[in-house]
Amino acid sequence: MLTITLHLLLGLATAFLVGTLVEYIVHRLMHARIFLYKIHAQHHQANQGQGWLMEFKDYFLPSLPVLLIGAALFWLLLSVAAGIGFALGCLFYAAAAAYAHQVQHENPDLCFWMPQPVHHLHHHGKMWHHNFGILVDWWDRVFGTYKKVEWERPERKQPLSSYFKIKWF
Ligand SMILES: [Zn+2]
Ligand SMILES: [Zn+2]
C-alpha cells in the first residue's frame, strides 16, 4: 500500500513540475516572438482572463500529449499507480493554473501561495522579460527572470467566499 501511495505521489509531483516548467517555457517563447506572439500580445492588451473554464481548456488540451506519453511511461517503467498519478497531476496542474491565471487578473490579492502575484505584476508592469510564471514563481527564480516589485499585500484578509468569486465560465 505504501509503494502504491508513493508511486501515485511521485507521478503527481512529476506532472506538476513538468506542467509548471512547460508553462514557463511557453510563456517565455511567446515573449521571444517565437510562439503564439500575436495572440499573447492581444492578451497583454486586453489584460483579462477568459474565465476559469476557457483557461482550463487552454492549459489542458495542449498538455494532453504530455499526459498520455508521461502516464504511459510511468505505467510501463514503474506501475499503474504511477501512471494514474501522472495523469491526475496533469489534470490538477491545468485546473490550478487556470485558477491562478484568472484570479491574478481579477483579484491578485488572493494569490496567497506566492510572495508576490507574479503574473499580475508581469501584466501591470508591462514586463517583457520578467516574471513569466503563472501558477508558481519557481522557474523565474531558477532561470533568473524573477523580478521583485514594490507590492503590498493588503492587511485585511478577504473572506473565504471571495476565492470563489471569480469568472468561472
Ligand atoms: Zn506575457
Ligand atoms: Zn495573463
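Values quoted throughout were computed directly from the atomic coordinates according to the rules given, and no laboratory measurement underlies them. Note that the structure is predicted; figures quoted are calculated from it, not measured. Counting neighbours? That spans all protein chains shown, and the Cβs are built from the backbone with ideal geometry, glycine included.
Quick notes on this structure:
- Residue count, the stretch 113-148 (criterion: away from ligand 1 (no atom under 11 Å from the Cβ) and touching a residue at least 60 places away in the same chain (Cβ under 8 Å)): 7
- Only one of the listed residues (Asp137, Asp109) is under 30 Å from Gln158 (Cβ atoms), charged (D, E, K, R) and out of contact with any helix residue (DSSP H, G or I) (no Cβ under 6 Å at 6 or more places or on another chain). That residue is Asp109.
- For Glu55, the conditions (1) within 23 Å of Tyr163 (Cα to Cα); (2) surrounded by fewer than 21 Cβ atoms within 10 Å (Cβ to Cβ) all hold with the exception of (2).
- For Gly89, the stated conditions do not hold, so it cannot be described as out of contact with any Lys or Arg (no Cβ under 7 Å at 6 or more places or on another chain), within 16 Å of ligand 1 (Cβ to nearest atom) and closer than 18 Å to Thr14 by Cα.
- So Ala96, is it away from ligand 1 (no atom under 16 Å from the Cβ) and touching a helix residue (DSSP H, G or I) at 6+ places or on another chain (Cβ under 6 Å): no
- Helices (runs of 4 or more DSSP H) completely within the stretch 1-109 that count 3 or more residues being closer than 27 Å to Trp168 by Cα, away from ligand 2 (no atom under 16 Å from the Cβ) and not β-branched (Val, Ile, Thr): 2-31, 52-77, 80-106
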